[in-house]
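Asks: Could you have a look at this structure, given as structure tokens, before my questions?
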Amino acid sequence: MEKDTKAFQRVYTKLFQLTKATVSLYAKGVGNEELAIVDGRLAQVVKIMGDMVTLQIFGGTEGIATNAEVIFAGKAPTLKVGDDLAGRFFNAYGEPLEGGEILGREQEIGGPSVNPVRRKQPSEYIPTGIAGIDLNNALVTGQKIPFFADPDQPYNQVMAMVALRAKADKIILAGMGLTNDDYLYFKNVFDNAGALDRIVGFINTTENPPVERLLVPDMALTAAEYFAVEKNEKVLVLLTDMTLYSDALSIVSNRMDQIPSKDSMPGSLYSDLAKLYEKAVQFPDGGSITIIAVTTLSGGDITHAVPDNTGYITEGQLFLRKDSDVGKVIVDPFRSLSRLKQLVIGKKTREDHPQVMNAAVRLYADAANAKTKQENGFDLTDYDERTLEFAKGYSRQLLAIDVNIETDAMLETAYELFGKYFKPAEVGIRQEFVDKYWKNKG
Amino acid sequence: MNTIGNVTGVIANLVIVETEGTTSQNEICFIKLGETKLMAEVIKVVGKKAYIQVFESTRGLKVGTEVEFMGHMLEATLGPGILSKNFDGLMNDLDKMEGVFLKRGDYTDPLDFDKKFEFKVLAKEGDKVTAGSWLGEVKENWISHKIMVPFKFEGEYTIKSIKGDGEYSPKDTMAILIDRDGKKHEVTMVQKWPVKVPIRAYREKPRPFRILETGIRVMDTLNPMAEGGTGFIPGPFGSGKTVLQHNLSKNAEADLVIVAACGERANEVVEIFTEFPELDDPRTGRKLMERTTIIANTSNMPVAAREASVYTAMTIAEYYRAMGLKVLLLADSTSRWAQALREMSNRMEELPGPDGFPMDLSAIIANFYARAGFVYLNNGETGSITFIGTVSPAGGNLKEPVTESTKKVARSFYALSQERADSKRYPAIDPIDSYSKYLEYPEIAEYLNEKIAPNWTESVFEAKDILLRGKEVYEQINILGDDGVPIDYHIKYWRSELVDFVILQQDAFDKIDASSSLDRQYYMLKKTLEIAHIDFPFDSFEDVGPYFKRVINALKQMNYSEYESEKFKNNEKELEKILGEKRADAEAEKA
Ligand SMILES: Nc1ncnc2c1ncn2[C@@H]1O[C@H](COP(=O)(O)OP(=O)(O)O)[C@@H](O)[C@H]1O
Ligand SMILES: [Mg+2]
């Protein structure tokens, strides 16, 4: 984002109000959402009242003086889009981190939405090798889905793994409040996989000012739209961490004296998040944007405004949890959901997939009941004991995030576990599938 | 001359305009941003300042920009050709827009004005008519679309001339009417109506007295929806609100269905676009899309237009009701509409009510629900709007303003439970908390007992009672342990599981189970209650569950088979065999 002073730019030097995230001044001819540079920092118009203009300062207002120089740019924030983006990492303003220039067309970020009648129904299966996802919560191109995880879960690692296995033409990483270590981790993993030329990164780390994050998802999604619309590519966008993004939203809205809604979040949180997530789309010409996000929870609380609004917007959620019985992090089959799985399982995957999925989850639920019984000191029946053993195998061999097998092998593994502990009548899979696929009926 | 004003302030999509001329509440205006005109609505006027909510992004808008006030409110365009279309919240035809992305200020005609319709005249010269009187009809898909005296016409008119049968375009003059003062008025097939004002061209709105079949057992059998009634579906995310509404739109016995996708996912609307043109209407055999109209204002589309979308949908529903049709109106989700109101109210710095919602939220919701209903038209025919909205309570907690305000006005309450959804007991309608006030209406009870079977309502209350008892004993078993309670407790529990699995649970994705006729619902409830009446002998509590599971499985197989088919009868024989085993035991025990 350059600071060249063109003829039409207007310069002011008198601020009459400063808050942590905003400044106000008297200025004329200013457009809503127009960019400005305040004391060398990027800012955007968020409110106009007569001659009074309020700007949100992405880098924070620390040290800004009332006589700071304000230069209006006459345009909304933009990103230079082109094939040149591939393989590079950028800051929140779309400037290459390693310096240099990008060749491309200047494109406004946060552009319009896709006309719903021009969308195609998502239908392409994305295998990840992780059975907790593929078997129980299959992903589809054009889907938007977050990981719900406590901050100590290895969500960034899982996300990097999913991204590499997803066979996407481009992976766009939007890091918001990413630790420097995690940023380097992503870079390393992609580099080792020889995938760097397919990656585009927009990075705001914990070392950067929080309000800058507000630009990051729009930058990433503008780049994604370039590749998906103009190159008909399959683009995977990784948004991590959307809770930190939302925190930045609340900083700005609170500084603007807006009445906060639940959990001090702005009343418009739902619309703000939906505008980003709804950029996930299957285009008619083959290109697609799939969004995998991270929403960190505090103490597993999904009723907090951020996960709650997210759940209402996204097409399911993947819940990470440590299973202390087997000592592994698993994708929780109860609280996770992929709302689009119906579009591919049993259609793009083997016909018995839905039945096997449901049967295993049902048995796992029986095991959970048996466990409660056990904890309350009641006697266990023989069936209870068997479900508990099954649950351990299921957790270790299928739900754990370190599993990496083909979808058919997941189904085979499930039958092996069924056969080890149950009779077909107890599992309740349609007879024709039992005959066809269940090998060790005991 | 239209009033002109100038922009003096911009906060997101709230714009303040100063004007010397007259403006009015809810008046439509256009902001002239370069070549683009942005549509907006007046939501408050203070002195010379009009506060307007813009139905588009306000990016780049500057102080001083000219605004033209149009002298009318937001209006729906009503005429033949609405059916099967996909509109946005302001009734722009989405299919007519160019390009993949929505363009700001791109407003398209709701109707196809060049299309010809076959007109059949219903009135004659000299007839006295009033607003809503049927002048003629045209075929629209398969319905007889009535051409009416515009709703805006006040008082009585005389038909001076009217066109004969033949082909006409929507904008052709079809009749000339004369008012009391002898003034002439031309009537075409098209009229406009302000969406926030109810259409009142009917004689009477009685209490609903018959039910609207939905094919969904937990509704029709347990908590029926009245034709012309109101209901709402609250539930946390993922509990099945949208799947239930889609299922209603597919299977309910309505002449036409209007779906307002209000601030929710675009892919869910795409599902309707993609599937409905292929799916058959179970009653008429025509494609579902032929009776469906979609108002799509998804979560990424402008917030102010989201608020308008439910009104646009209601106005279209009222228009078709005035033709004597049975309309089902669905809105998913009314909470997003309430949130749109909240966003604006916050920007205007109004004194907030609970959770930051506007103070008059309850009144706004009540007025909206009041527009549904069963009516006798002025010509004695009947029409109805049955309205069912979903509510998305924050954090899944029903103690929040939108749920509470809606509960005051909607007569049926279908509460989706997280627990039932987690255990995949779909549709996850909580059988204990949910209710239909209509079941308490004597006229509805009478209707049901006459239509389905004498004593039907008694059976329904018995089923409800079994569910309640089951819940109570389940809590006891959990506290005291399986062997800490009498066997009878297990039997009571499993009776409620029987009703749960056979009547309540229904597979929305199974071709056959997705919809159940009233005959079939009667048969299954009778069968289920018969089994619940049997005094099964059991030696140990451990035998109760496995036996009932077999019974349930046999009944479920019946649910999955075509009603009264060979397969259905075989499943029933299997059931009788399982029941026979225990009956024999019972006989043996007695002997
Ligand atoms: N009746 C049903 N039968 C089977 N699955 C269902 C049913 N209702 C909901 N589901 C499952 O739950 C998911 C979420 O349902 P949905 O209606 O989208 O929830 P909500 O609108 O309440 O957020 C669906 O994608 C589907 O997997
Ligand atoms: Mg929904």
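The values are calculated or read from the model by the stated rules, or taken from the named source; none is laboratory data. Treat the numbers as computed from the prediction; the structure is a model and nothing was measured. Counting neighbours? That spans all protein chains shown, and the Cβs are built from the backbone with ideal geometry, glycine included. Areas reflect the complete protein model, heavy atoms only, side chains present, ligands, DNA and RNA absent. Shrake-Rupley method; radii C 1.70, N 1.55, O 1.52, S 1.80 Å.
Asks: Out of A:Lys341, A:Lys328, I need the residue that is charged (D, E, K, R) and surrounded by fewer than 21 Cβ atoms within 10 Å (Cβ to Cβ). Which one?
Replies: Just one listed residue meets the conditions, A:Lys328.
Asks: Kindly evaluate A:Gly31 against the criterion of being surrounded by fewer than 21 Cβ atoms within 10 Å (Cβ to Cβ) and more than 31 Å from the chain's Cα centre (by Cα).
Replies: no
Asks: Among the residues of segment A:296-318 satisfying the criterion of being buried (at least 23 other Cβ atoms within 10 Å of the Cβ) and outside any helix (DSSP H, G or I), which is farthest from ligand 2 (Cβ to nearest atom)?
Replies: Selected residue: A:Leu318.
Asks: Which residue, of B:Glu475, B:Glu462, is surrounded by fewer than 21 Cβ atoms within 10 Å (Cβ to Cβ), out of contact with any Phe, Trp or Tyr (no Cβ under 9 Å at 6 or more places or on another chain) and more than 29 Å from B:Glu562 (Cα to Cα)?
Replies: So the residue among B:Glu475, B:Glu462 that is surrounded by fewer than 21 Cβ atoms within 10 Å (Cβ to Cβ), out of contact with any Phe, Trp or Tyr (no Cβ under 9 Å at 6 or more places or on another chain) and more than 29 Å from B:Glu562 (Cα to Cα) is B:Glu475.
Asks: How about segment A:34-52: which of its residues are among the small types (Gly, Ala, Ser), surrounded by fewer than 18 Cβ atoms within 10 Å (Cβ to Cβ) and either within 8 Å of another protein chain (Cβ to nearest Cβ) or in a strand (DSSP E or B) (or both)?
Replies: Matches in segment A:34-52: A:Gly50 only.
Asks: Checking the conditions here, which among B:Lys577, B:Lys573, B:Lys556, B:Lys567 is in the same structural domain as B:Trp494 (by TED's automatic domain parsing), at negative phi and open to solvent by less than 80 Å² (accessible area, probe 1.4 Å)?
Replies: So the residue among B:Lys577, B:Lys573, B:Lys556, B:Lys567 that is in the same structural domain as B:Trp494 (by TED's automatic domain parsing), at negative phi and open to solvent by less than 80 Å² (accessible area, probe 1.4 Å) is B:Lys556.
Asks: So, of the residues in segment B:104-163 that are of a type in the set (Asp, Glu) and open to solvent by less than 50 Å² (accessible area, probe 1.4 Å), which turns out to be farthest from B:Lys32 (Cα to Cα)?
Replies: B:Asp127
Asks: Same structure again: Please identify the pairs in which a residue from segment B:47-67 that is more than 8 Å from every other protein chain (Cβ to nearest Cβ) and within 17 Å of A:Lys275 (Cβ to Cβ) has its Cβ atom under 7 Å from the Cβ atom of a residue that is open to solvent by 30 Å² or more (accessible area, probe 1.4 Å) and not aliphatic (A, V, I, L, M), counting only partners at least 6 apart or on another chain.
Replies: Here the result reads B:Phe55/B:Pro302; B:Glu56/B:Arg104; B:Glu56/B:Pro302, each pair linking segment B:47-67 to a residue that is open to solvent by 30 Å² or more (accessible area, probe 1.4 Å) and not aliphatic (A, V, I, L, M).
Asks: Output yes when any residue across segment B:573-583 is of a type in the set (Gly, Ala, Ser) and within 41 Å of the chain's Cα centre (by Cα), and no when none is.
Replies: no
Asks: Does segment B:245-263 hold any residues that are within 13 Å of ligand 1 (Cβ to nearest atom) and open to solvent by 10 Å² or more (accessible area, probe 1.4 Å), and which are they?
Replies: Of everything in segment B:245-263, those that are within 13 Å of ligand 1 (Cβ to nearest atom) and open to solvent by 10 Å² or more (accessible area, probe 1.4 Å) turn out to be B:His246, B:Asn247, B:Lys250, B:Asn251, B:Ala261.
Asks: State whether the residues of segment B:435-446 include one that is closer than 30 Å to B:Val409 by Cβ and assigned to a loop (DSSP other than H, G, I, E, B).
Replies: Checking segment B:435-446: at least one residue is closer than 30 Å to B:Val409 by Cβ and assigned to a loop (DSSP other than H, G, I, E, B).
Asks: Let me ask you something else. For B:Pro427, work out the one condition from (1) part of a loop (DSSP other than H, G, I, E, B); (2) within 14 Å of chain A (Cβ to nearest Cβ); (3) within 16 Å of ligand 2 (Cβ to nearest atom) it doesn't fulfil.
Replies: Unmet condition: (2).
Asks: I would also like to ask the following. Among B:Val269, B:Val257, B:Val197, B:Val187, which is the only one that is among the aliphatic types (A, V, I, L, M) and over 30 Å from B:Met174 (Cβ atoms)?
Replies: Checking each option against the conditions leaves just B:Val269.
Asks: Kindly indicate whether any position in segment A:127-145 is within 12 Å of chain B (Cβ to nearest Cβ), assigned to a strand (DSSP E or B) and open to solvent by 40 Å² or more (accessible area, probe 1.4 Å).
Replies: Taking every residue of segment A:127-145 in turn, none turns out to be within 12 Å of chain B (Cβ to nearest Cβ), assigned to a strand (DSSP E or B) and open to solvent by 40 Å² or more (accessible area, probe 1.4 Å).
Asks: A further question follows. Among the residues of segment A:301-326, write down those that are more than 14 Å from chain B (Cβ to nearest Cβ) and either within 14 Å of ligand 1 (Cβ to nearest atom) or within 20 Å of A:Met159 (Cα to Cα) (or both).
Replies: A:Leu320, A:Arg321, A:Lys322, A:Asp323
Asks: Let me ask something else. Taking the stated definitions as given, is A:Asn180 open to solvent by 10 Å² or more (accessible area, probe 1.4 Å) and over 14 Å from the mean Cα position of the chain (by Cα)?
Replies: Yes; evaluated as a whole, the condition is true for this residue.
Asks: Pick from segment A:327-337 the residues that are assigned to a strand (DSSP E or B) and more than 8 Å from every other protein chain (Cβ to nearest Cβ): which of them is farthest from B:Gly238 (Cα to Cα)?
Replies: A:Lys328
Asks: Specify the residue that is farthest from ligand 2 (Cβ to nearest atom); the eligible residues are those in segment B:207-243 that are open to solvent by 10 Å² or more (accessible area, probe 1.4 Å) and within 14 Å of chain A (Cβ to nearest Cβ).
Replies: Per the stated criteria, the residue is B:Pro236.
Asks: Can you confirm whether A:Gly104 is within 14 Å of chain B (Cβ to nearest Cβ) and either under 26 Å from A:Phe202 (Cβ atoms) or open to solvent by 10 Å² or more (accessible area, probe 1.4 Å) (or both)?
Replies: No.
Asks: Continuing with this model, one more query. Which one is surrounded by the most Cβ atoms within 10 Å (Cβ to Cβ), of the residues in segment A:389-442 that are touching a Phe, Trp or Tyr at 6+ places or on another chain (Cβ under 7 Å) and of a type in the set (Gly, Ala, Ser)?
Replies: That would be A:Ala391.
Asks: Among the residues of segment A:15-28 satisfying the criterion of being in contact with a helix residue (DSSP H, G or I) (Cβ under 7 Å, 6 or more places away or on another chain) and buried (at least 19 other Cβ atoms within 10 Å of the Cβ), which is farthest from the other protein chains (Cβ to nearest Cβ)?
Replies: Top of the filtered list is A:Ala21.
Asks: Given the criteria touching a strand residue (DSSP E or B) at 6+ places or on another chain (Cβ under 9 Å), in a loop (DSSP other than H, G, I, E, B) and open to solvent by 10 Å² or more (accessible area, probe 1.4 Å), does B:Gly89 qualify?
Replies: no
Asks: Tell me, yes or no, whether segment B:287-306 has at least one residue that is within 16 Å of ligand 1 (Cβ to nearest atom), farther than 23 Å from B:Phe151 by Cβ, part of a loop (DSSP other than H, G, I, E, B) and of a type outside the set (Gly, Ala, Ser).
Replies: yes
Results for (1) among the small types (Gly, Ala, Ser); (2) touching a helix residue (DSSP H, G or I) at 6+ places or on another chain (Cβ under 7 Å); (3) open to solvent by less than 50 Å² (accessible area, probe 1.4 Å); (4) in a strand (DSSP E or B), shown as yes or no for each residue.
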site: A:Gly63; (1), (2), (3), (4): yes, no, no, no
site: A:Lys80; (1), (2), (3), (4): no, no, no, yes
site: A:Phe148; (1), (2), (3), (4): no, yes, yes, yes
site: A:Asp152; (1), (2), (3), (4): no, no, no, no
site: A:Asn156; (1), (2), (3), (4): no, yes, yes, no
site: A:Ala160; (1), (2), (3), (4): yes, yes, yes, no
